[in-house]
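Let me begin by presenting the structure, written as structure tokens, before commenting on it.
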Amino acid sequence: MVDNGVLALFDIDGTLVRGARCHYQAFVHAVRKFYGVKDDISGINYAGKTDPQILMEVLELSGIKETLIKQHLQDCLDYMTRYYLANVHRENVQALGGVKKLLGELQRRKVLMGLTTGNLEPIAHAKLGRVGLDSYFPLGGFGSDYPQRRCLVKKAIKCARQNFGYKGNSIFVIGDTPRDVNAGKSTGALTIGVATGRYTTHELEKSGADFVLNDLTDKNEFLEIIF
Ligand SMILES: [Mg+2]
């Protein structure tokens, strides 16, 4: 069993990777197809939100009625997934500095790793697959599980305990936004804010992160925190 007492749960966008043009296009095409929304949706702050949350926000801002939103929501999310998987070869995703080395080291030290991301699950795997990072994460909580981030973090922890025999209490939630920090804290996990997204170290500290890093380039700095 891969378990040395530490469970590390990583956000994806802004934490492990950057670049999600195709993911953004999936939103654009889906809201156009199902709701006729042609507005520019690039002005929305997506950081730390789940895909269903983003979709709801886009549609509400476009004046779509709640009953209509709900009626087509699942079909719209399914279409987003299909669009993404069909176009992922065009995704401009890149692993952030130090990430590959860090994950390799954590795997070597038998740290159980999971994902806690607002991405729909198939999109999360495909995106990470593009940069060779998907195999590090046998478990996770995703936007397709729950629209609320704290719920998907809880789900990932439950999955680690039930399906991977995780018995430790050294759980870390690693993310680039105050939303990751809040979700992690709500489950009692320790949180590591990483300032590789749109939030500064100061903002992540203010949000209550237990630890804050500029980036993941120094694996020893990260190891010191978790061990
Ligand atoms: Mg993020």
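Quick look at the numbers
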{"quantity": "Any chance THR50 is at pLDDT 95 or above, within 16 Å of the ligand (Cβ to nearest atom) and farther than 24 Å from GLY98 by Cβ", "calculated": "yes"}
{"quantity": "GLN25, sole failed condition from (1) surrounded by fewer than 18 Cβ atoms within 10 Å (Cβ to Cβ); (2) within 16 Å of the ligand (Cβ to nearest atom); (3) not basic (Lys, Arg)", "calculated": "(2)"}
{"quantity": "Single unsatisfied condition, VAL99 versus (1) hydrophobic (A, V, I, L, M, F, W, C); (2) surrounded by 20 or more Cβ atoms within 10 Å (Cβ to Cβ); (3) not assigned by TED's automatic domain parsing to the domain that holds GLU221", "calculated": "(3)"}
{"quantity": "Pairs with Cβ under 7 Å, 6+ apart, first in the range 138-158 and under 16 Å from THR177 (Cβ atoms), second aromatic (Phe, Trp, Tyr)", "calculated": "LEU152/PHE142; LEU152/TYR146"}
{"quantity": "The lone exception for LEU112 - which of (1) more than 16 Å from the chain's Cα centre (by Cα); (2) within 16 Å of the ligand (Cβ to nearest atom) it fails", "calculated": "(2)"}
{"quantity": "Meets criteria (farther than 24 Å from ALA26 by Cα, acidic (Asp, Glu) and modelled with pLDDT of 95 or more) for GLU105", "calculated": "yes"}
{"quantity": "Candidate set: the range 1-21, residues that are away from the ligand (no atom under 16 Å from the Cβ) and modelled with pLDDT of 95 or more; chosen: the one surrounded by the most Cβ atoms within 10 Å (Cβ to Cβ)", "calculated": "LEU7"}
{"quantity": "Candidate set: the range 42-88, residues that are surrounded by fewer than 19 Cβ atoms within 10 Å (Cβ to Cβ) and of a type in the set (Asp, Glu); chosen: the one farthest from ARG130 (Cα to Cα)", "calculated": "GLU66"}
{"quantity": "Residue within the range 36-43 that is within 30 Å of ASN214 (Cβ to Cβ) and within 16 Å of the ligand (Cβ to nearest atom) present", "calculated": "no"}
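Yes/no matrix, rows are residues, columns are (1) over 16 Å from the mean Cα position of the chain (by Cα); (2) under 22 Å from ARG82 (Cβ atoms); (3) free of Cβ contacts under 8 Å to residues at least 40 places away in the same chain:
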| residue | (1), (2), (3) |
| --- | --- |
| ALA8 | no, no, no |
| GLY14 | no, no, no |
| ARG21 | no, yes, no |
| TYR35 | yes, yes, no |
| GLY43 | yes, no, yes |
| ILE54 | no, yes, no |
| LEU68 | yes, yes, yes |
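The values are calculated or read from the model by the stated rules, or taken from the named source; none is laboratory data. Note that this is a predicted model, so its numbers are computed, not measured. No Cβ is skipped: glycine too gets one built from the backbone with ideal geometry, and neighbour counts run over all protein chains shown.
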